[in-house]
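The values are calculated or read from the model by the stated rules, or taken from the named source; none is laboratory data. These figures come from a predicted structure and were not determined experimentally. Every residue, glycine among them, receives a Cβ derived from its backbone with ideal geometry; neighbour counts consider all protein chains shown. Keep in mind that these areas ignore ligands, DNA and RNA; they rest on the heavy atoms of the full protein, side chains included. Shrake-Rupley method; radii C 1.70, N 1.55, O 1.52, S 1.80 Å.
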Amino acid sequence: GSLYAATLTSDPVLVKIYDYDSVAMPNGMAIDNSGALYTVDGPITSLPPAAQIVKLRFNPNDPMQVIDQSTWLDESLQFANGLSYTGDAFFVTDSNAAGEPGSVRRIDINNDGSAGTVTTIFTGSGILDDLSIVGDRLLVADFQNGLITLMDQRGNQEQQTTIGTFSSASSVQAGEPPLFDRNDILVTEKGTIGEHDSAVGNVLSVFRAN
């Protein structure tokens with residue numbers, strides 16, 4: 001897998017800046033307070049290696065230059081997907097080879113920055129995809145059931161859209177001004193995997209409360 005980046009200008013150009021070492025399927029990403037980038041590695045199949053989270057450090061004088069890759073976590077996950085950072089922990093969506101309902105797991109961060117205890121805080125009813133932090137809560141996309149769940153960081157469900165609200169919800173973010181209201185929820189809908197041209201999914205939707 002590869003990492004691409006672009007400088008935020010009026011005419012950004014996306015360029016490849018790094019080829020991951022021994023990473024099969026880079027997926028969810030999150031940045032910690034030091035500027036290090038963490039990436040979830042799938043994997044593609046149920047065969048070894050198992051899912052992992054790798055850490056990239058960058059040249060402080062050149063954010064387009066990766067200077068180090070290390071394995072931050074290589075146990076306790078199976079088919080990890082989305083990743084978010086809160087300061088003292090990471091939250092990751094995970095599933096398994098048997099296709100059982102996905103889970104949200106909390107990974108504590110030790111004082112030395114290494115991975116600590118991994119705890120399952122929530123088990124959904126379908127395959128979970130992306131998740132994001134909204135204040136002190138989590139927004140989680142359920143790809144299989146086409147819904148979004150709002151929960152606290154202990155995994156207690158607070159609100160949830162109905163099944164089928166979205167066509168295979170794949171990522172979710174809270175809105176930010178000036179383009180969107182902070183109460184808006186942005187959701188990408190994939191539809192059918194491998195199909196890119198129909199009106200089924202393949203869209204970015206804005207979800208607003210009545």
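Values computed for the structure shown
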| item | result |
| --- | --- |
| Residues that are free of Cβ contacts under 8 Å to residues at least 24 places away in the same chain, more than 25 Å from residue 89 (Cα to Cα) and hydrophobic (A, V, I, L, M, F, W, C), drawn from the stretch 16-45 | 44 |
| Count - residues of the stretch 114-129 that are at pLDDT below 95 and either of a type outside the set (S, T, N, Q) or surrounded by 21 or more Cβ atoms within 10 Å (Cβ to Cβ) (or both) | 5 |
| Matching entry among 35, 87, 102 (being in contact with an Asp or Glu (Cβ under 7 Å, 6 or more places away or on another chain) and open to solvent by less than 60 Å² (accessible area, probe 1.4 Å)) | 102 |
| Unmet criterion (only one of (1) more than 23 Å from residue 5 (Cα to Cα); (2) of a type in the set (Gly, Ala, Ser); (3) at pLDDT below 90) for residue 24 | (1) |
| Those strands (runs of 3 or more DSSP E) lying entirely in the stretch 105-210 with at least 3 residues farther than 30 Å from residue 70 by Cα and basic (Lys, Arg) | none |
| Single condition residue 134 does not satisfy, out of (1) surrounded by fewer than 21 Cβ atoms within 10 Å (Cβ to Cβ); (2) free of Cβ contacts under 8 Å to residues at least 40 places away in the same chain | (2) |
| The stretch 69-81, residues that are within 23 Å of residue 14 (Cβ to Cβ) and modelled with pLDDT of 95 or more | 69 |
| All positions within the stretch 3-32 that are touching a Pro at 6+ places or on another chain (Cβ under 8 Å) and open to solvent by less than 80 Å² (accessible area, probe 1.4 Å) | 3, 5, 6, 20, 24, 25 |
| Some residue of the stretch 157-176 being open to solvent by 40 Å² or more (accessible area, probe 1.4 Å), of a type outside the set (D, E, K, R) and within 28 Å of residue 36 (Cα to Cα) | yes |
| Matching entry among 70, 22, 34 (being hydroxyl-bearing (Ser, Thr, Tyr), in a loop (DSSP other than H, G, I, E, B) and more than 22 Å from residue 132 (Cα to Cα)) | 22 |
| Given (1) in contact (Cβ under 8 Å) with a residue 60 or more places away in the chain; (2) part of a loop (DSSP other than H, G, I, E, B); (3) hydrophobic (A, V, I, L, M, F, W, C), index of the condition residue 91 fails | (2) |
